[in-house]
There are 2 protein chains.
Amino acid sequence: MPPVSVESAAERGIPDAAVARLPGYLRALDTMTASGIASVSSEELAVEAGVSSAKLRKDLSHLGSYGVRGVGYDVSHLRYEISRALGLTHDWPVVIVGMGNLGRALAQYGGFEQQGFSVVALLDHDPEVVGQRVGDLVVQPMTVLPALTGSGVVIGVIAAPAQAAQDVADALVGAGIGSILNFAPSAVNVPDGVQVRRVDLASELQILAYHEQRRVESAESGAPADGTAASASARTVGVAR
Amino acid sequence: MPPVSVESAAERGIPDAAVARLPGYLRALDTMTASGIASVSSEELAVEAGVSSAKLRKDLSHLGSYGVRGVGYDVSHLRYEISRALGLTHDWPVVIVGMGNLGRALAQYGGFEQQGFSVVALLDHDPEVVGQRVGDLVVQPMTVLPALTGSGVVIGVIAAPAQAAQDVADALVGAGIGSILNFAPSAVNVPDGVQVRRVDLASELQILAYHEQRRVESAESGAPADGTAASASARTVGVAR
DNA sequence: ACGCCCTTGTGAACATTTGCACAAAGTCGC
DNA sequence: GCGACTTTGTGCAAATGTTCACAAGGGCGT
């Protein structure tokens, strides 16, 4: 393999784990801005975001060197740099597919707009639902998808039932959508190059149930209780480390 | 450090990454049961769940040896074993705190019951909201929390606004809740031993935005497009590491 | 101008997770 | 019964992620 590009210093190729935490830092910075705080140390920001300061500094180091040694980070500048790294310097148009309970709730949620996204279209497969008004928008048929992607929509949200999720995903991908947020309780298969993230309430609860069960079992056998995900205590119980 | 406990074969201490995927396998198995499939290979199940078959087999190996070489897994038996590992052999009662739009949507969602959870109480801080009926339940004041935990509720869902999230978390922890699912767009700090998982729509979208941005940048510089999270192509481009 | 003190940015050790490849182990046809 | 075939379970290596610990820098008081 030849050298290839050189990766302009930092800026390109932030590790996945770090990317997944950047939104949390952004939110913490917003909270601080609201409190009138102009400068933070990695330690303070780490507490607010719920991570360790070492992890925070390592994560930020992937975007560049925006702190001042001995002082900390300028809140508004760091906010800008993280926004830029995430690609939030402009709003991203989003289409939501599936106007059941969940889809309606999402459409009216409003939390998107604040964070750099705008819902520009709501779609549903059912002719009964098409034409209904939800919030400020009118539900449109699936056939408008190509027109949407043609005008720059690249992120799609699947709020359809599980059995329809794969069909919706296929339609989205077929129309040129490159990133999908899937709320349906099922996995969807997409070609390489298409990003999918899943949000599933039941799965999250089941993961919590596992830890609760462990706690019960530990209590029964007299062992110390399970630790938090964040802290390093759990699962290493009694191990030297 | 001395030997410690010995970890009864498998059964105890399943890696976090594996635990996080078990709900997906469970769901895939349910789908297959519904289709009348009685036996699956790791390859088939892996496709349905959206993971690689090697990963699937490794994950399952942590719970024990429930497959038959040359044949595959018995769908219903494997389903049972995963349920057991996750602690889903009985229903877990859940309390939802915060009856705004999101809280109401969650309370009426119904997806919990199917998956081994039952919403047994809805709470809100606002006296105006207390007493209202949401679905089959009546909203109660925060003061009933200790009574709930006393009767066995150990999982709490935070559906309150961000600025109230930490107070709600403190109240939950104070009452004895051991696991929290946080829908508020903020991190909450809890003592060691309390599990917290966060679900945040805006964060997920921001992560997708990052990948979309990379796609655009790659296209501009003439490089090949970004790969899927699963594939290992992206991010290793040209870096020595 | 100087030196002290504080916090960043990062190299290196450690831990976890993923992927590969194959021996072990079981079924099925004959 | 037996051999061919299939698929599991796992040892090992590579990749990824986390933590530690400290040198490098920069501000601030004097």
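Below is a table of values for the structure above.
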quantity: Minimum Cβ-to-axis distance in chain A for the rotation onto chain B, with residue, whole Å; calculated: A:ALA105, 2
quantity: Spherically averaged projected area in nm², based on the convex hull that wraps the Cα atoms of the range A:16-86; calculated: 4.0 nm²
quantity: Three-way shape call for the range A:92-199 based on the alpha-carbon gyration tensor, with the a/c threshold at 1.5; calculated: rounded
quantity: Position B:ASP126, label points 7 Å along Cα→Cβ, spacing to each other copy in nm (shortest first, one decimal); calculated: 2.9
quantity: Inter-chain shielding of A:173-186 (mean C-beta neighbours from other protein chains, 10 Å cut-off); calculated: 3
quantity: Alpha-carbon centroids, the range A:62-111 and the range B:119-177: separation in whole Å; calculated: 30 Å
quantity: Estimated FRET transfer efficiency (B:SER53, A:GLU217; beta-carbon r; R0 35 Å; 0.05); calculated: 0.70
quantity: Relative pair counts by distance (%), Cα atoms of the protein assembly as shown, 20 Å bins; calculated: 21, 57, 21, 0
quantity: For residues of B:79-89, the mean tally of beta carbons on other chains within 10 Å; calculated: 3
quantity: Relative contact order %, the range A:92-199, counting alpha carbon pairs below 8 Å whose residues are six or more apart; calculated: 25 percent
quantity: Order of exposure, largest accessible area first, which applies to A:THR149, A:THR89 with probe 1.4 Å; calculated: A:THR89, A:THR149
quantity: Rounded if a/c under 1.5, otherwise prolate or oblate - the range A:1-130, Cα gyration tensor axes; calculated: oblate
quantity: Kirkwood hydrodynamic radius over Cα pairs of chain B, then Stokes diffusion coefficient at 25 °C and 0.890 mPa s, in µm²/s; calculated: 116 µm²/s
quantity: Inter-copy label distances at B:ASP170 (7 Å, Cα→Cβ; nm, one decimal); calculated: 5.3
quantity: The protein assembly as shown: antiparallel DSSP beta bridges as a percent of all, rounded to 5; calculated: 25 percent
quantity: All aspartates and glutamates inside 14 Å of A:LYS55 as judged from Cα atoms, apart from same-chain residues fewer than 8 positions distant; calculated: A:ASP16, A:GLU43, A:GLU44
quantity: 7 Å along Cα→Cβ, label-point gaps from B:ALA147 to other copies, nm, shortest first; calculated: 5.6
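The values are calculated or read from the model by the stated rules, or taken from the named source; none is laboratory data. The model shown is predicted, which means the values in this text are computed figures rather than measured ones. All Cβ positions, even for glycine, are placed from backbone atoms using ideal geometry, and neighbour counts span all protein chains on display. Note: areas computed on protein heavy atoms with side chains; ligands, DNA, RNA excluded. Shrake-Rupley method; radii C 1.70, N 1.55, O 1.52, S 1.80 Å.
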